[in-house]
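None of the figures in this text is laboratory data; all of them are computed from the coordinates on show. These figures come from a predicted structure and were not determined experimentally. Neighbour counts are summed over all protein chains in view; Cβ atoms, including those assigned to glycine, are modelled from backbone coordinates with ideal geometry.
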Amino acid sequence: MDKLFITGGVQMRGTIRASGSKNGTLAILAATLLAKGQTILKNVPRIGDIYTMVDMLRALGADCYINGENVITIDATELRSSEAPYDLVKKMRASFTVLGPLLARMGYAKVAMPGGCDIGARPIDFHVKGIQALGAHVETGHGYVEAEADKLTGSEIYLDFPSAGATQHIMTAACLAEGVTVIQNAAMEPEIVDLADYLTAMGAKIEGAGTTTVRVEGVKELIAVEHSVIPDRMEAGTYAVAAAMTQGDVRIESAAPKHMEPFLLKLRETGAVVTTGEDWVRVRANSRPLATDVVTMPHPGFPTDMQQPFVALLSLAQGTSIVTENVYERRFRYVSELQRMGADIKQDGRTAVVKGVEKLSGAPVTATDLRAGAALVVAALAAEGDSEISGIEHIDRGYEGLVDKLITLGAQVIRADSERKGSALCSV
Ligand code: UD1
């Protein structure tokens, strides 16, 4: 298994380009199943999770072609199966969201219960409740969810928590339902607005995406279109943290600063100088960060996906910060790894008390999930000495060209297995 070897202490400086949104692309890929004809998706990141979803679409019978640098074409005209196999769903939770589109297109779907990052209980009850409200008969058993409906019918659905995945999933299924669906307490993430823009281009009638009430008026059919995915705010945010943590100066182009506002405002509170344009963000810092408290919330709150890299930043702060995780109860599993690098963090349940230290020290550490991996990478960049990060298959799920981008910013980083490390180091 490959590892990342990082020699820390180098200030990140330079310009990189943000990749397309992982979460945005995943939701749209599932929705491509709704239409016959050829969909062209642009600005798609080449990362593990996208390949997993493409494998899923292929398993269902769609023709997928990854052409050019970041373009995928999908032709879901002929679907040959409405069963999403366990081997693919267990790799990634988002693949569960093919259930709704399959049901809308084929009247039947059998989808394995999801897997994905192990960051706490990630139930599917809102998804199931939504599909049932649209008139489907749903049975769960033997690790699968089976849903059947001659036709889907619009309905009013209240989400007990503004779940991003459930909002996207129900919205997608409702596009081909008869009548009007209203999702109350919907999630408001930018990726939901992007999905709505894509579906609207296909002929769907959607109002209120990006607010707490989404209204979908069903249409008879949708047409395949071309769409360019929004930038990845989590990826851009990770490089922004790397800039602040190493007291560097990084400009991220092709980004969407307006999607990053809650995070960028908190980053400013740590003393970083953040400037933005329409599609770029520049982050500079020239001293240790200031402590600040963080509470994660659904959008437009501080994103749970940025909690881990941000805690890495706060671990170097002047002062003590309190971080509260409101979305996923087990999203602090990386704390013990940061402690191995010298961080002073006390965590109990959903709260972490982060007492800033002057320096982190490089160490062998292991990523337990995607964003935990991101936290370890930024910590290793700022730490004194060498770090060896295992578990990078988690990082591969969400960060396109990570090593190349870090090298562009001046990082001393190589990716290799332990045996190849020596020769790889010679060639850097
Ligand atoms: C998405 C993102 C993930 C991000 C998360 C929260 C994708 C592919 N992933 O995940 O990166 O961390 O949003 O912003 O887009 N819940 C239930 N029942 C359900 C569904 C969710 O109780 O049926 C709970 C979850 O346990 C969690 C909360 O709702 O506590 C939010 O989860 P949700 O927004 O659904 O996350 P995902 O869509 O899975």
So for SER155, SER21, SER81, SER321, fewest C-beta neighbours within 10 Å to most, what's the order?
-> SER81, SER155, SER321, SER21
In the calculated pair distance distribution of the chain, what percentage of Cα-Cα distances lie above 39 Å?
-> 20 percent
Among the lysines, select those whose C-alpha is under 23 Å from the C-alpha of LYS42, and discard any that sit fewer than 8 residues away in the same chain.
-> LYS22, LYS205, LYS258, LYS405
Taking neighbour counts of Cβ atoms within 10 Å as a proxy for exposure, in what order, fewest first, do ASP249, ASP49, ASP404 appear?
-> ASP404, ASP249, ASP49
Residue separation times 0.36 nm, minus the C-alpha to C-alpha distance between ARG58 and GLN412: what's the value?
-> 123.6 nm
Per-residue ³J(HN,Hα) for segment 269-283, Karplus 6.51 cos²θ - 1.76 cosθ + 1.60, θ = phi - 60°, Hz, x for Gly and Pro | 4, 7, x, 5, 8, 10, 10, 9, x, 4, 10, 9, 9, 10, 10
Net charge near ALA363 (other residues with Cβ under 11 Å of its Cβ; Lys, Arg +1; Asp, Glu -1) is -3
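Share of antiparallel DSSP beta bridges in the chain, in percent to the nearest 5?
70 percent
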Under a cut-off of 15 Å between alpha-carbon atoms, report the aspartates and glutamates in cross-link reach of LYS355, not counting same-chain residues fewer than 8 places apart.
-> ASP293, ASP344
Segment 149-174-segment 28-91 distance, computed between alpha-carbon centres (Å) = 21 Å
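Can you put THR275, THR368 in order, fewest other beta carbons within 10 Å first?
So the residues, fewest neighbours to most, are THR275, THR368.
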Do any GluC sites (Glu not before Pro) in segment 308-394 lie in a DSSP loop with no more than 16 other beta carbon atoms within 10 Å, and if so, which?
-> GLU329, GLU358
Global geometry of segment 303-383, whether rounded, prolate or oblate, following the gyration tensor of its Cα atoms and the 1.5 cut on a/c = oblate
Segment 22-228: projected area of the alpha-carbon convex hull, averaged over directions, in nm² | 9.7 nm²
Placed amide H near GLU384: partners under 5 Å, 5+ positions off or other chain = LEU360, SER361, GLY362
Nearest 5 is fine: what % of DSSP beta bridges in segment 116-224 come out antiparallel, could you say?
-> 70 percent
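Taking the Cα centre of segment 22-228 as origin and charging only Cβ (+1 Lys, Arg; -1 Asp, Glu), how large is the dipole, in debye to the nearest 20?
Dipole magnitude for segment 22-228 comes out near 180 debye.
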Around GLN339 (Cβ within 13 Å, Cβ-to-Cβ, excluding GLN339; K/R +1, D/E -1) the net charge comes to +2
